[in-house]
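Inspection log for the structure reproduced underneath, given as structure tokens.
The values are calculated or read from the model by the stated rules, or taken from the named source; none is laboratory data. In this text, all values refer to a predicted model and were calculated from it rather than measured experimentally. Counting neighbours? That spans all protein chains shown, and the Cβs are built from the backbone with ideal geometry, glycine included.
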Amino acid sequence: MVSVINTVDTSHEDMIHDAQMDYYGTRLATCSSDRSVKIFDVRNGGQILIADLRGHEGPVWQVAWAHPMYGNILASCSYDRKVIIWREENGTWEKSHEHAGHDSSVNSVCWAPQDYGLILACGSSDGAISLLTYTGEGQWEVKKINNAHTIGCNAVSWAPAVVPGSLIDQPSGQKPNYIKRFASGGCDNLIKLWKEEEDGQWKEEQKLEAHSDWVRDVAWAPSIGLPTSTIASCSQDGRVFIWTCDDVSSNTWSPKLLHKFNDVVWHVSWSITANILAVSGGDNKVTLWKESVDGQWVCISDVNKGQGSVSASVTEGQQNEQ
Amino acid sequence: MKLKEVDRTAMQAWSPAQNHPIYLATGTSAQQLDATFSTNASLEIFELDLSDPSLDMKSCATFSSSHRYHKLIWGPYKMDSKGDVSGVLIAGGENGNIILYDPSKIIAGDKEVVIAQNDKHTGPVRALDVNIFQTNLVASGANESEIYIWDLNNFATPMTPGAKTQPPEDISCIAWNRQVQHILASASPSGRATVWDLRKNEPIIKVSDHSNRMHCSGLAWHPDVATQMVLASEDDRLPVIQMWDLRFASSPLRVLENHARGILAIAWSMADPELLLSCGKDAKILCSNPNTGEVLYELPTNTQWCFDIQWCPRNPAVLSAASFDGRISVYSIMGGSTDGLRQKQVDKLSSSFGNLDPFGTGQPLPPLQIPQQTAQHSIVLPLKKPPKWIRRPVGASFSFGGKLVTFENVRMPSHQGAEQQQQQHHVFISQVVTEKEFLSRSDQLQQAVQSQGFISYCQKKIDASQTEFEKNVWSFLKVNFEDDSRGKYLELLGYRKEDLGKKHIKEEKEESEFLPSSGGTFNISVSGDIDGLITQALLTGNFESAVDLCLHDNRMADAIILAIAGGQELLARTQKKYFAKSQSKITRLITAVVMKNWKEIVESCDLKNWREALAAVLTYAKPDEFSALCDLLGTRLENEGDSLLQTQACLCYICAGNVEKLVACWTKAQDGSHPLSLQDLIEKVVILRKAVQLTQAMDTSTVGVLLAAKMSQYANLLAAQGSIAAALAFLPDNTNQPNIMQLRDRLCRAQGEPVAGHESPKIPYEEQQLPKGRPGPVAGHHQMPRVQTQQYYPHGENPPPPGFIMHGNVNPNAAGQLPTSPGHMHTQVPPYPQPQRPQNGWNDPPALNRVPKKKKMPENFMPPVPITSPIMNPLGDPQSQMLQQQPSAPVPLSSQSSFPQPHLPGGQHFHGIQQPLGQTGMPPSFSKPNIEGAPGAPIGNTFQHVQSLPTKKITKKPIPDEHLILKTTFEDLIQRCLSSATDPQTKRKLDDASKRLEFLYDKLREQTLSPTITSGLHNIARSIETRNYSEGLTMHTHIVSTSNFSETSAFMPVLKVVLTQANKLGV
């Protein structure tokens, strides 16, 4: 079942472009073409406006919560070419940092896994991806990947923090040898995977080609302790692909078509347990998908205004046409 | 931003939207000559490859044509099914001809690329358009008011839309309506536009502003609004774009006067009706909103005029413009930096000289500077208004707890294009539940645990079992809750005591029938034979010799009988000799039984006989060795047995009450990834843990690594289905495993405001919000913003929670620079406030059980200062002090900066995170250096603590009279137990218990216990008085399950130990 437990009237004066809950699922951040970012306390079905953040000079596309171990930090990106990092201190939210290093609309922001520190990846229509790393004392170090996607990067998504060669936490005290990776999708119809080299530079590691139009979103699935890495991508071409890589060292990714929709697919989001994918399409349709035992992706729910039923089991779910 | 350019003086046509990759076709334009005066013409196709960062466009094919073109369009209609490239290229030529080309053939390099040709028109064909509803329909316009409608399926005979307009004039533009398929518009340089209805086959309206200055160079229908169109004028005296609405055709709706000179071409974006491109003789390319007239963007162009401009149908941000300087440029309207591109060009130029050091100076030449390109346009701003296609209208994102956040922006079809405000902007938060069966089973399990209805739960499971093994497992589990569990286990293994007894009795009866009746006289022979010798020995009381003689004569029974008479020692020796001699099949069993060497059976029996071995253990083994033996058998089954036997090991572990091994064994055998199979495991584990709690006096709150992992996986699954409370209930209580602590914290917070009086202070983070110096969980810290601000933030008093500390050691740079000497480490610690918080990991009762000597208590109640109460620290062990200080080691990442600094290069903040890690791993070794460095120098929170608390401690308040009974009862009970306990282990336990009950007495003194707990304790005391310990235990369970963990954790486990011991000893 998909049942509405809270309907939040955001009072935004224009289109909403993103809505994200914090780590605990108790606060909701929204952003809109009305240039504002709002934060609501939504515990117990309530909706208390905590903050109405003004600072962007254009539509705000995305918001992203940092892990709470760093405090209450929210990043937002906008058509005004800026990324703003907002921070709550003593109960008030304020602008903590403004990143104006892009020449065009910044379309996507995503925080790295908390294990790496505070690192924010930003994808822009200027084709570049920038990485902001907090270095202390209110300072942010910027690294930029120019021309990552010609005429625009639409989405960035970090790979979960997994130590290569070991699925279990390393013994405490030893420094975990994380390899930082993220995926990006852009107007060149490509998904690219980026890896931080030992010298700290970011290098294109892989190009994933299957979409025939703009890649609208990419979502790296959370790690559930299995060796397989999974990425979902969606595109202007209506297709959603699930990319899997069984062996990180060989880095070969194979796509599987989840479905071809009749309209642009804007957004894909994995559940925390990485077994359900929410797909939002241009016709205002939200569908939930799950992989069946035989490896097929099956639509288990159509969500309309937050409501929907769920097919009792995957096997009973309607197979996707074709 | 310019993306690509091609040096051609040509008309251009993009491949249709459905075609991938994107192609641009160019056809040499008519009536334009360059300096070569060449009249050669060609049709070329280029590919737009945006992944190639260079400005060059990849040429795919060139076809030398005999025609030059006035107009080139690429329609989607597929005339030939061969080839990957869709559609048809339609060209308007100089001599009234219309030529159809097959683009796939052009790309394939085919010679025959013309599909059809028709020269019905008189004069150059300047206007062409494809009907977007019926893509086989093409409209064309030429001189003399000629308009033809071509059906590509029947190209030979064109139709006309109606009678020619008079007077005859050139048709400069033609366009199909974007909403109504049978409506067509045409326009001419005279400024008149005509709208045709093809169903009526006549012009239905004529549009003209009567100024006679509109010199129509462009005509476009509104992409969304059927009745609106724009006309562009090439006349320098009236360089405008008029927006007309046919519902009011007497004058233009709006006039866009953004160009200074005549407009040469326009293009209306199909992707966003608010974007209209226009290029004019003022050498500008503008993008305006025709609905408002506002200029949104001015393309950075050179000073040349553009005569043709086209949106790319597939990539809405891309457009192409053809200029009179013989160049076609491809631009993006999304702005962006051209630095990267220009750099490449410069490189190319430099390297084109071949030798970077032409003068042999030993220094390469600097890159060639290109002055005109270092102009002010290095950064190109995007459109003033975001185009429609990047405005995400819908979204659905998952968040913790199986919640789905969705929003949509359903718009009323806006006819005037402007009003869309009536929409309310809602975000829906929904609960997604996909695993109903899993949830209902989890619910049943929880109910069973709460109601203590274990037997009926197990029975239900037995009844529902699909496999024999499953049934066995549940039967074994059930037995745990029944009386005479061992006997029942035996029954389950197929051994029934009574059955054996019956058999035996029967045999005895039969035997007795054959026994010769005793009672007659017998003679004692003392002859020299063996009998005589034995007789002599017996008569002299020399049992030993008698036995030896019997053994020698192989009279085993006699030997044994005599040995019994000869006393224990002799018997034992005789038994040994007997076993040494005897070789029968069951000797080893008998040996083991007699010698009480169960280990031997378990270790060396044939694994096929595991049931028998288990039965033997069940029958004979002493309580204290029972578990270990079952364990051993299980381990053997697991390690040595085949797959079938391996699963049976589970049964042994159930008998042993070894939860951790059960989990390991089960996980090996089952696929645990599916929620229901995890549920299968958890059901068993939870029941077994309960059983172990009930039957064995051991503290079961310790949780092994594997079990913890499974339980947290289970809790995660429950949480993902929205069952946060259930997830919390199943999450192991007291463990300092970071992932579990994190999950617990997340769950607690996700629950929202906790119900008053039922908090979740088990999470360490909650503690840091406590007012300083105040012990115990504190209500009323739930004011939302407050709570949120404080967590994790290193404002000095808010150190990072230990749950996250594991992840603190992430900075690879900093980690390498860690100070390694403990002394150094210690010097680093004091500057940071020392929180009292992480008592969770350290003050667990289990931890105390493991190191009973290191007696310690929650810091909330005891300052780490010179010992003031002998009871509080009877051993005076300095280590206990150290242990209390250690938890305070987690320090804020930084107290001076506003953010934590895991990445601070210096690493000095960082090591603070590291230190507790080491301590968690090996407390004793870490406590040593601290002893040297830290005596009595607590600072920060602890210090305040010290100031506020000692006075209270020094003069202990008396226990209130009404509660004094509790102390006397418990102490009395411990004394009774002590006096009847025999083994030192139990005594030690009891000793420890009596010390640790001081916590309780302290709480009673302070009167900090809630009334429910104190009344529960009184109930237990009453049951002790009546010696009804099992009732006491039930009450105990009740208190623990209903009360706040941190409030009772210090003394309740130990009280349970006492009660259990009392029950066992029967005092």
**OP:** Determine whether residue A:65 is farther than 25 Å from residue A:145 by Cα and surrounded by fewer than 24 Cβ atoms within 10 Å (Cβ to Cβ).
**Re:** no
Original post:
Looking only at segment B:168-201, which residues are in a loop (DSSP other than H, G, I, E, B) and of a type in the set (A, V, I, L, M)?
Top reply: B:171, B:180, B:198
**OP:** Could you check how many residues of segment B:126-167 are closer than 24 Å to residue B:191 by Cβ and part of a loop (DSSP other than H, G, I, E, B)?
**Re:** 14
**OP:** Residue by residue through segment B:162-182, note down the ones that are more than 22 Å from residue B:265 (Cα to Cα) and either among the β-branched types (Val, Ile, Thr) or surrounded by 20 or more Cβ atoms within 10 Å (Cβ to Cβ) (or both).
**Re:** B:165, B:180
Original post:
So which helices (runs of 4 or more DSSP H) stay within segment B:659-770 end to end and still have 2 or more residues that are modelled with pLDDT under 65 and over 30 Å from residue B:647 (Cβ atoms)?
Top reply: B:764-767
Subject >> Output for segment A:32-57, where each listed residue is at the interface with chain B (Cβ under 8 Å from one of its Cβ atoms), closer than 18 Å to residue A:83 by Cβ and either outside any loop (DSSP other than H, G, I, E, B) or of a type outside the set (S, T, N, Q) (or both) >> reply: A:32
Original post:
What number of residues within segment A:222-242 satisfy the criterion of being in a loop (DSSP other than H, G, I, E, B), without any contact (Cβ under 8 Å) to a residue 60 or more places away in the chain, within 18 Å of residue A:161 (Cα to Cα) and more than 10 Å from chain B (Cβ to nearest Cβ)?
Top reply: 1
Subject >> Pair list, Cβ < 6 Å and 6+ apart or interchain, from segment B:131-156 residues that are under 15 Å from residue B:196 (Cα atoms) to residues that are assigned to a strand (DSSP E or B) and among the polar types (S, T, N, Q) >> reply: B:141/B:186; B:147/B:186; B:148/B:140
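Let's see how each residue does on (1) part of a loop (DSSP other than H, G, I, E, B); (2) modelled with pLDDT of 90 or more; (3) at the interface with chain B (Cβ under 10 Å from one of its Cβ atoms):
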{"position": "A:244", "(1), (2), (3)": "no, yes, no"}
{"position": "A:247", "(1), (2), (3)": "yes, no, no"}
{"position": "A:250", "(1), (2), (3)": "yes, no, no"}
{"position": "A:268", "(1), (2), (3)": "no, yes, yes"}
{"position": "A:279", "(1), (2), (3)": "no, yes, yes"}
{"position": "A:287", "(1), (2), (3)": "no, yes, yes"}
{"position": "A:295", "(1), (2), (3)": "yes, no, no"}
{"position": "A:298", "(1), (2), (3)": "no, yes, no"}
{"position": "A:310", "(1), (2), (3)": "yes, no, yes"}
**OP:** Kindly establish whether residue B:305 is of a type in the set (Phe, Trp, Tyr) and at pLDDT 90 or above.
**Re:** no
Original post:
In this structure, is residue A:96 buried (at least 24 other Cβ atoms within 10 Å of the Cβ) and among the polar types (S, T, N, Q)?
Top reply: no
Subject >> Every residue from segment B:623-665 that is aromatic (Phe, Trp, Tyr) and crowded, with 23+ Cβ neighbours inside 10 Å >> reply: B:653
**OP:** Could you list, in sequence order, all residues of segment A:187-208 that are part of a strand (DSSP E or B) and more than 9 Å from chain B (Cβ to nearest Cβ)?
**Re:** A:191, A:192, A:193, A:194, A:195, A:196, A:202, A:203, A:204, A:205, A:206, A:208
Original post:
From the list B:416, B:372, B:376, which one is farther than 28 Å from residue A:100 by Cβ, modelled with pLDDT under 90 and of a type in the set (S, T, N, Q)?
Top reply: B:416
**OP:** Answer yes or no: is there a residue in segment B:1023-1033 that is over 29 Å from residue B:482 (Cβ atoms), more than 45 Å from the chain's Cα centre (by Cα) and modelled with pLDDT of 80 or more.
**Re:** no
